[in-house]
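Structure record follows, encoded as structure tokens.
The values are calculated or read from the model by the stated rules, or taken from the named source; none is laboratory data. If you're wondering where the values come from, they're calculated on a predicted model, not measured in any experiment. Every residue, glycine as well, gets a Cβ built from its backbone with ideal geometry; the counts of neighbours run over all protein chains shown.
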Amino acid sequence: MQTMNLIILSLILIISCDNQNSLEKSAKEIKKNNYNKTNFIPDIRVNDIELSNSRTFFNGYKNLEKLVIENNNDLPFVSFVNNLNTEKFTVYFFYGSTYDEFYQFKIEYLNNEKFYNYLQYDNFITESGIKLGLSKKDLIKIKGNNYKENNNVIKYIISDYESSPFLQKYNLPAYFSEYTFINGKLIKIYFGFEYP
């Protein structure tokens with residue numbers, strides 16, 4: 001009888017320890033996954049210009065349709081430069097959308113190109129404070145660790161439509177943001193919704 005009680009007590013102890021380890025492991029996984037899911041907040045604005053918002057107004061440009069460039073390699077787009085003539089900001093339209101709704105933004109340094117489409121900003125900055133020249137460390141501090149990196153490009157993706165209120169709000173299948181670095185400094189910001 002005493003041996004039987006000892007065996008039962010030992011089994012209870014073993015099961016209890018195993019369950020405790022499983023619970024701790026599950027808690028760590030949940031914490032890690034929640035950190036990765038909630039830490040990345042997508043940008044939808046550059047200065048006061050917003051993705052997928054027909055009420056966004058380009059000061060001084062009432063009819064963007066006349067400025068749109070279409071080629072076989074890209075979505076239709078319009079590019080602008082900042083006041084300092086150092087940065088280029090490109091807005092992309094989806095085929096079939098109106099010319100007052102943009103679905104992708106790109107910010108990069110100006111490369112000896114001649115532009116006449118100026119916007120009254122000294123710099124182009126996202127609402128989370130991402131701008132050209134930012135260090136990789138500072139970007140990750142702002143955007144989080146849930147990214148993929150390939151050839152000096154850090155990429156964040158939201159693609160699970162069913163579990164993403166963000167994608168459901170815009171009724172689009174995926175969102176991406178890509179940050180290109182040279183010598184540890186941000187030289188290109190490209191983000192928006194994937195063309196459906």
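Summary table
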read-out	value
Residue selected from segment 167-196 under the condition among the small types (Gly, Ala, Ser) and within 22 Å of Asp74 (Cα to Cα), by the criterion surrounded by the fewest Cβ atoms within 10 Å (Cβ to Cβ)	Ala174
From Ser128, Ser97, Ser164, residue being closer than 23 Å to Glu70 by Cα and either surrounded by 12 or more Cβ atoms within 10 Å (Cβ to Cβ) or in contact with an Asp or Glu (Cβ under 8 Å, 6 or more places away or on another chain) (or both)	Ser97
Strands (runs of 3 or more DSSP E) completely within segment 145-190 that count 3 or more residues being of a type outside the set (Lys, Arg) and touching a Pro at 6+ places or on another chain (Cβ under 8 Å)	none
Scope segment 31-88; condition in contact with a helix residue (DSSP H, G or I) (Cβ under 8 Å, 6 or more places away or on another chain) and modelled with pLDDT under 85; matching residues	Asn39, Phe58, Tyr61
Residue list for segment 101-121, restricted to those being part of a loop (DSSP other than H, G, I, E, B), surrounded by fewer than 16 Cβ atoms within 10 Å (Cβ to Cβ) and touching a strand residue (DSSP E or B) at 6+ places or on another chain (Cβ under 9 Å)	Asn111, Glu113, Phe115, Tyr116, Asn117
One residue from Ile158, Ile125 being under 27 Å from Leu84 (Cβ atoms) and either under 15 Å from the mean Cα position of the chain (by Cα) or not acidic (Asp, Glu) (or both)	Ile125
Odd one out for Lys25, checked against (1) modelled with pLDDT of 55 or more; (2) surrounded by 10 or more Cβ atoms within 10 Å (Cβ to Cβ)	(1)
